[in-house]
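I have placed the structure first, in the form of structure tokens, so that the comments after it can refer back to it.
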Amino acid sequence: MCGIIGCVGRGDETLDTLVHGLSKLEYRGYDSAGVALANGSVEVVKRAGELENLRRALNGERDGVSGRVGIGHTRWSTHGPPTDENAHPHRDCTGRVAVVHNGIIENYQELRDELTDAGHEFESETDTEVVPHLIETELAGGADPETAFRSAIERLEGSYAIACVLADDDRVFAAREDSPLVLGIGDDAVYLASDVPAFREFTDKVVYLEDGEFAVLDGEGWSVTDSTGAPVEKAIDTVTWDPEETGKSGYDHYMLKEIHEQPRALRQCVSGRVSELSGEVDLDVDVDPTGVQFVACGTSYHAAVYGAQLFQEAGIPAQAFLGSEYATSPPPIGDDLVVGVTQSGETADTLSALREARRRGAKTLAVTNVVGSTVSRECDDTLYIRAGPEIGVAATKTFSSQVVALTLLVESLRESRRETIAALRDLPASVQTVLDTSKAEEVAEEYVDSDAYFFIGRGMHYPVALEGALKFKEISYEHAEGFAAGELKHGPLALVTENTPVFALVTGEGEQARKTIGNVKEVEARDAPVVAVTDRKSDVARYADHVLEIPESDPRTAAVLANVQLQLVAYYAAAQLGRPIDKPRNLAKSVTVE
Ligand code: F6R
């Protein structure tokens, strides 16, 4: 979703720093971009579409765009279509104030009517534009810039991360409420962004802002105050990941790179958490639940469904809920632990479900990838999945790491099972085997012209069937659906033809495998091509047109391996169709609106 960058102290490199920051925020998803630089006046350049459009415009106007203090923005449309006018930054009537904003201002219509009645003229359809006009009003009333900024922010209802520059001021003002903002503290410069990658190349020192806090960045440094104006002592954290980790390292796409990073991500997730000698798991989280409710969205929801099965199987009642539905008909909470699974830690639907749970007295645990994210600050405790930065919009390594983290969580609550710990230790090598031997590219090539794609599985293969279909549809733009294998005959079978490949996830030789093979025979009888994702134990290969093989593994980890095959199928199908794999249309990496 929208991204913010700001900086003070980069001298002549301010503009390049802003554009570089925007390029690092592209992965969040956006449909327009812009910058504002203050230097006696405020110069704003903004364009709909790719960042390249902004770069071209800046090259054309470069002489007119200079300044030592600046802000930039990538916009993901909510109020008004992606046009040059609706792109951020937005200015007031005088052109003295420029503002960028992430989030939604819920009372914007009321403010806009009030400002319009007072004679202000608006140039865009956005909710954001009320902010510079509110600041203008305060300045006209005699307020100094900082007071004007604070007073304007106090009028807002909703969620926001806001940054502002003024023509005749060499500071950046910022505020946050329900939308992330982080400061980057360099030797001679200070940065501000919605996400660390925007300035990670320049510094590893960060300060996370909390809801209700204001920040001022100037040539001397930075300061943070609370909503009453009182100074706040902030800790400076150090981010541990390397800026190189956010490059493509020779892969055509971030998604492919991140799929290949899974062995390392899974090692990192387990590292130092399992005793070499006893196999005991210590996650340094203070939970001992009698029941668990998971809340999550999209891919993270699929990891949560998987996690709920792991808990159930361990004898701890557990259920997964979609974050967006949780508050609509909240289940009784009792003593249940509510676990928010979210790689970004900023998904509005998941955060609001967790807030609802907290409001009703639940203890909450965050399972996330991002240190300092909103979810980690709001929940009682956090379990980090340690996957490293994920840039591709389609979640890949974070899914596998979420499942492994949840497996560790289950094992930490009981005497750990030797076979599961052994499977977790073997998993990185088994994922590597899948990556080295996969025939997913050939399968994708053979079926790329199909009418639709179906994915079926039972037990822990069920959430992976859902995940396989989600990955496939979001990056290939082809119709794909995942089903519990047993549900096929209750309706979806009507869609199955000789032009709808069915990916069947079957491992082992138990009851579940036997039943899924029965479902495979049903689709085979309707002439649908069958791609079996399977280990050597199962004999589903006999009924399949193609086999995507995975190493034999514990039933709790086998579905992670099957999922890696499906990630590769989705990737290669999308690549053959020439889709923009890392930035699928209409989607965003971090979905900060409900
Ligand atoms: C799909 C995908 C999304 C996210 C969902 C939740 O590939 O990435 O479905 O899983 O938007 O995001 P997080 O995990 O950040 O809460």
Computed for region 478-542: size of charge dipole around the Cα centre, +1 on C-beta of each Lys and Arg, -1 on C-beta of each Asp and Glu, debye to nearest 20, value 240
At the level of C-alpha centres, the distance separating region 9-40 and region 189-229, in angstrom, is 16
Helix 511-524 sits off the longest principal axis of the Cα atoms of the chain, rounded to the nearest 10 on a 0 to 90 degree scale, by 90
The helix 461-476 Cα axis meets the longest alpha-carbon principal axis of the chain at an angle in degrees, between 0 and 90 and rounded to 10, of 50
Residues other than ASP451 with Cβ under 14 Å of its Cβ, Lys/Arg counted +1 and Asp/Glu -1, net out at -3
Taking N as the residue count of the chain, its alpha carbon Rg divided by 2.2 N^0.38 Å gives 1.01
Cα-based Rg then Dmax for region 25-183, in Å, read 14.5, 41
In the chain, taking the dipole from +1 charges on Lys and Arg beta carbons and -1 charges on Asp and Glu beta carbons about the Cα centre, the listed residue (ASN586, LEU322, GLY291) farthest towards the positive end is GLY291
Bridge orientation stat for the chain from DSSP, antiparallel percent rounded to 5, came to 60
Rounded to whole angstrom, the alpha-carbon centroid of region 507-561 lies from that of region 279-344 at a distance of 28
Note: LEU587 to ASN499 extended length (0.36 nm per residue) minus current alpha-carbon separation gives 28.9 nm
Cβ density ranking, 10 Å radius, fewest first, applied to TYR160, TYR447, TYR543 yields TYR543, TYR447, TYR160
Helix-only [θ] at 222 nm, the chain, -39500 (n - 2.57) per DSSP H run of 4+, per residue, nearest 500, equals -10500 deg cm²/dmol
Computed about the Cα centre, the charge dipole of the chain from +1 Lys/Arg and -1 Asp/Glu charges at the Cβ has a magnitude in debye, to the nearest 20, of 1600
For ILE236, ILE475, ILE71, ascending order of other Cβ atoms within 10 Å (fewest first) is ILE236, ILE475, ILE71
A correct fewest-to-most ranking of LYS46, LYS515 by other Cβ atoms within 10 Å would be LYS515, LYS46
Taking every alpha carbon pair in region 244-299 and sorting the distances into 5 angstrom bins from 0 up to the bin holding the longest one, the percent per bin comes out as 4, 12, 14, 15, 17, 16, 12, 8, 2, 0
The size of the Cβ-based charge dipole (Lys, Arg +1; Asp, Glu -1) of region 328-454 about the Cα centre, to the nearest 20 debye, is 840
Between the Cα axis of helix 14-25 and the main Cα principal axis of the chain, the angle (0 to 90°, nearest 10) is 20
So, relative contact order of the chain in percent, Cα under 8 Å, 6 or more apart, is 12
With GLY212 itself left out, Lys, Arg at +1 and Asp, Glu at -1 over residues whose Cβ is under 9 Å from its Cβ give -4
Between ARG536 and ALA118, the two model label points (7 Å from Cα along the beta-carbon direction) sit apart by a distance in nm of 7.6
Shape call for region 298-436, from the Cα gyration tensor axes a ≥ b ≥ c (a/c under 1.5 means rounded, otherwise prolate when a/b beats b/c, else oblate), comes out oblate
XL table LYS205/LYS257; LYS24/LYS257; LYS489/LYS537; LYS439/LYS471; LYS24/LYS205; LYS24/LYS397; Cα-Cα > 22 Å flagged, in table order, is LYS205/LYS257; LYS489/LYS537
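Just so you know, all these numbers are worked out from the coordinates, no wet-lab data involved. What you see is a predicted model; the values in this text were computed from it and never measured. Here the Cβ is made from the backbone with ideal geometry for all residues, glycine too, and neighbour counts use every protein chain on show.
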